[in-house]
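**Student:** Below is the structure I would like to discuss, written out as structure tokens.
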């Protein structure tokens with residue numbers, strides 16, 4: 001696992017039959033093969049997928065069920081989908097992965113979830129057994145295997161912009177929750193869109209960008225190695241491998257090696273050379289959002305706003321905090337946000 005197409009390609013030009021389970025274009029080998037072959041070189045004859053067979057056994061509506069291929073992906077891909085009452089169908093790597101999945105789900109606070117372990121669906125060895133994740137004790141699970149999860153208990157991950165700061169690994173250098181929500185609103189994530197998060201700190205903006213829309217991707221650039229490590233930890237925790245790439249170094253040095261963006265966020269380290277380099281490089285229609293905390297960066301944004309247009313927003317927040325034996329407002333540093341479309 002995953003399925004290797006190289007033996008098939010090595011036999012190119014000869015009649016070849018590839019036997020793959022179920023529907024080859026739903027988490028199967030079909031997409032990988034079709035991407036490397038000419039349309040005239042292949043024909044597909046799909047059968048019911050493992051998802052279709054599982055739904056038929058359980059009586060679940062597929063349109064209301066999350067279907068994931070975890071045979072070659074980390075369990076963290078499940079995290080955005082785990083919520084009380086959610087139903088998920090997960091293809092697994094092998095029999096041992098069923099117990100590993102149960103342990104991972106329990107660690108997320110969903111130990112009460114019910115797991116239907118479904119082996120060899122549609123064949124003579126078909127077997128279906130169900131256990132609670134926290135009490136999982138099946139040691140004889142055989143591949144091919146699918147796990148059907150009925151989630152229960154546990155905290156769902158909110159889908160609105162502005163997740164709690166404590167969900168991220170960070171050293172204090174993080175775009176705080178209310179400011180992050182406003183920044184993401186200005187960036188306007190869309191399905192399949194790509195973001196540059198420059199001076200990324202914890203990568204919280206890039207993480208939430210990817211969570212906000214299907215297929216959204218991001219590059220996070222961070223100068224300090226320890227913070228780049230925090231971003232990598234957040235990528236793993238939120239199951240964003242393959243969608244969020246981490247680059248260590250100066251933002252201006254990294255631009256040439258990044259895929260073209262649909263939006264750019266500069267949360268730290270904005271200076272005149274970086275803004276000039278971005279303005280020269282960005283294609284028409286790309287959104288640029290820059291947050292400033294210092295007076296020097298604020299003056300730079302005022303200058304660029306006068307030159308290039310866009311919107312300026314001053315964000316002033318205060319939080320109730322103890323004041324002696326009473327309570328009072330503790331103001332945060334004001335932030336000036338410049339957002340503009342190239």
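Only the coordinates and a few stated rules stand behind these numbers; no lab work does. A quick note: this is a predicted structure, and the numbers were derived from the prediction, not measured. When we count neighbours, we look across all protein chains shown, and the Cβ atoms used for this are built from the backbone with ideal geometry, even at glycine.
**Student:** Between residue 229 and residue 279, with labels modelled 7 Å along Cα→Cβ, what's the label distance in nm to one decimal, could you check?
**Tutor:** 3.8 nm
**Student:** Could you calculate the contour length gain from residue 40 to residue 213, that is, 0.36 nm times the residue separation minus the distance between their Cα atoms, to one decimal place in nm?
**Tutor:** Numbers: separation 173, 0.36 × 173 = 62.28 nm, distance 3.42 nm.
Going from the current span to full extension adds 58.9 nm.
**Student:** Enter the Cα centre distance for the pair region 36-55 and region 69-143, rounded to the nearest angstrom.
**Tutor:** The distance from the Cα centre of region 36-55 to that of region 69-143 comes to 24 Å.
**Student:** Angle check, please: helix 295-308 long axis (alpha carbons) against the longest principal axis of the chain (alpha carbons), in degrees 0 to 90, nearest 10.
**Tutor:** The helix 295-308 is inclined about 80 degrees to the chain.
**Student:** Next question. Where the centre of each part is set by its Cα atoms, how far does region 164-225 sit from region 231-308, in angstrom?
**Tutor:** 11 Å
**Student:** Moving on. Would you work out if the chain is rounded, prolate or oblate? Take a ≥ b ≥ c from the square roots of the eigenvalues of the alpha-carbon gyration tensor; rounded if a/c is under 1.5, else prolate when a/b is larger than b/c, oblate otherwise. Intermediate results must be reported in sequence, preceding the final value.
**Tutor:** Working: a/c = 2.84, a/b = 1.58, b/c = 1.80.
Oblate shape, in that a/c is at least 1.5 and b/c is the bigger or equal ratio.
**Student:** Could you calculate the contour length gain from residue 318 to residue 272, that is, 0.36 nm times the residue separation minus the distance between their Cα atoms, to one decimal place in nm?
**Tutor:** Full extension from residue 318 to residue 272 adds 13.6 nm.
**Student:** Describe numerically, in nm with one decimal, the distance between label points set 7 Å from Cα along Cα→Cβ at residue 72 and at residue 134.
**Tutor:** A separation of 3.6 nm, rounded to one decimal place.
**Student:** Grab the beta carbon distance between residue 61 and residue 176, set R0 = 41 Å, and tell me the FRET efficiency rounded to 0.05. Each step should come with its number before you reach the end.
**Tutor:** Working: r = 40 Å, r/R0 = 0.97.
In this case the efficiency is close to 0.55.
**Student:** Using helices alone, I'd like the mean residue ellipticity at 222 nm for the chain: each DSSP H run of four-plus residues gives -39500 (n - 2.57), total over residue count, nearest 500. Could the numbers behind the result be given before it?
**Tutor:** Numbers: 10 runs with 94 residues, N = 342.
Counting only the DSSP helices, I get -8000 deg cm²/dmol.
**Student:** Among 153, 95, 256, which one moves the most in a GNM of the chain with springs linking Cα atoms closer than 10 Å?
**Tutor:** Residue with maximal mean-square fluctuation among 153, 95, 256: 256.
**Student:** Expected output is a single nm value to one decimal: the length gained when fully extending between residue 188 and residue 5, i.e. 0.36 nm times separation in residues minus the C-alpha distance. What is it?
**Tutor:** Values: separation 183, 0.36 × 183 = 65.88 nm, distance 3.76 nm.
Once the chain is fully extended between residue 188 and residue 5, it gains 62.1 nm.
**Student:** Express as a percent, rounded to the nearest 5, the fraction of DSSP beta bridges in the chain (both residues included) that run antiparallel. Working shown, then result.
**Tutor:** On the way: 34 of 56 bridges.
Of all bridge pairs located within the chain, approximately 60 percent are antiparallel.
**Student:** Pick out which of 58, 68, 163 has the largest mean-square fluctuation in a Gaussian network model of the chain, springs linking Cα atoms closer than 10 Å.
**Tutor:** Of the options given, 58 has the highest mean-square fluctuation.
**Student:** Based on the Cβ-Cβ distance of residue 127 and residue 20, what FRET efficiency does E = 1/(1 + (r/R0)^6) give at R0 = 30 Å, to the nearest 0.05? All intermediate terms of the calculation are to be shown ahead of the outcome.
**Tutor:** Values: r = 21 Å, r/R0 = 0.71.
Rounded to the nearest 0.05, the efficiency is 0.90.
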